[in-house]
Amino acid sequence: ELFNDTNYNDLETLLMKRVSSDTFTNENVAKALLQYILSNNPLDFIEDAADLSARDVSLGKLVLQKHHIIPLGGATSIKQSSAEIRGNKAHILNSPLNFSLISDKANNGVGTLPIETYVQKLTGWSITSHFLPNNLNKQSGEGDSEYYERLLAARYEKIKDAMLNELRMLFLSV
């Protein structure tokens with residue numbers, strides 16, 4: 001039943017496809033996803049990256065920022081600014097699946113670089129530990145919406161698989 005609650009945490013809801021005041025993604029789901037990723041001590045998005053840990057955050061040793069995995073800067077056009085995208089809670093780039101916590105230094109370094117550009121500077125473990133999809137390049141003939149949906153759906157599957165594996169291991173240890 002993990003990630004299968006319609007209008008709460010299923011894929012369609014997390015991809016912002018069900019748009020109404022009743023079905024916007026619950027902020028608790030968004031926070032839980034960020035906390036789950038952080039609980040796996042992901043590597044930061046900088047050279048010589050260190051593990052990010054909730055403990056260091058709680059002790060005040062580390063300040064983290066919410067990072068758009070697919071930066072808004074690459075999605076803007078003459079008609080739409082980053083601020084307009086941020087303000088549109090139904091926009092797919094505001095999906096909880098499009099966020100991860102990284103250091104302020106890393107977030108400033110990544111800035112508005114497209115995902116396929118900034119990941120080239122990351123270690124494989126940074127990519128894996130933030131549950132980023134494998135195929136980040138836009139496919140021939142793929143529109144922006146399809147591209148965003150494909151990447152975020154692939155990230156959803158990676159997170160879901162990791163949680164299921166973790167739950168299985170906990171079940172087996174009982």
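The values are calculated or read from the model by the stated rules, or taken from the named source; none is laboratory data. For clarity, every value in this text was computed on a predicted model and none was experimentally measured. In this analysis, Cβ positions are derived from the backbone assuming ideal geometry, glycine residues included, and neighbour counts consider all displayed protein chains. These accessible areas exclude ligands, DNA and RNA; they are computed on the full protein's heavy atoms, side chains included. Shrake-Rupley method; radii C 1.70, N 1.55, O 1.52, S 1.80 Å.
Here the gap between L170 and E47, fully extended at 0.36 nm per residue and compared with their Cα-Cα distance, gives a gain of 40.9 nm. Relative contact order for the chain: 24 percent, from Cα pairs under 8 Å spaced at least 6 residues apart, divided by residue count.
Taking all protein chains as present, what is the carbon and sulfur share of the accessible area of the chain, in % to the nearest whole number, probe 1.4 Å? Of the solvent-accessible surface of the chain, carbon and sulfur hold 51 percent. For K158, a cut-off of 25 angstrom between C-alpha atoms picks up these lysines, skipping any fewer than 8 places away in its own chain: K17, K31, K66, K89, K121, K138.
Of the residues Y36, T13, I69, the one whose Cα sits farthest towards the positive end of the charge dipole of region 1-156 is I69 (charges of +1 on Lys and Arg Cβ, -1 on Asp and Glu Cβ, taken about the Cα centre).
Label sites at L2 and T123, each approximated as a point 7 angstrom past Cα along Cα to Cβ, lie 2.5 nm apart.
At what distance in angstrom do the alpha carbon centres of region 90-165 and region 33-77 lie from each other? Measuring centre to centre over Cα atoms gives 12 Å.
Taking 20 Å as the straight-line reach from the Cα of K61, the aspartates and glutamates in range (excluding those fewer than 8 positions away in the same chain) are D44, E47, D48, D51, D104. Ligands, DNA and RNA are left out, and with a 1.4 angstrom probe the accessible area of region 95-146 is 50 Å² per residue. Estimate the FRET efficiency between A54 and S140 by the formula 1/(1 + (r/R0)^6), using the beta-carbon distance for r and 35 Å for R0, to the nearest 0.05. Once the sixth-power term is evaluated, E becomes 0.30. Charging the Cβ of each Asp and Glu at -1 and of each Lys and Arg at +1, and nothing else, the dipole of the chain about its Cα centre rounds to 240 debye.
Find how much the distance from D10 to Q65 grows on full extension, using 0.36 nm per residue of separation minus their present alpha carbon separation; answer in nm with one decimal.
So the extension gain works out to 17.3 nm.
Potential lengthening of the chain between L34 and L113 amounts to 26.3 nm, from the contour at 0.36 nm per residue minus the alpha-carbon distance.
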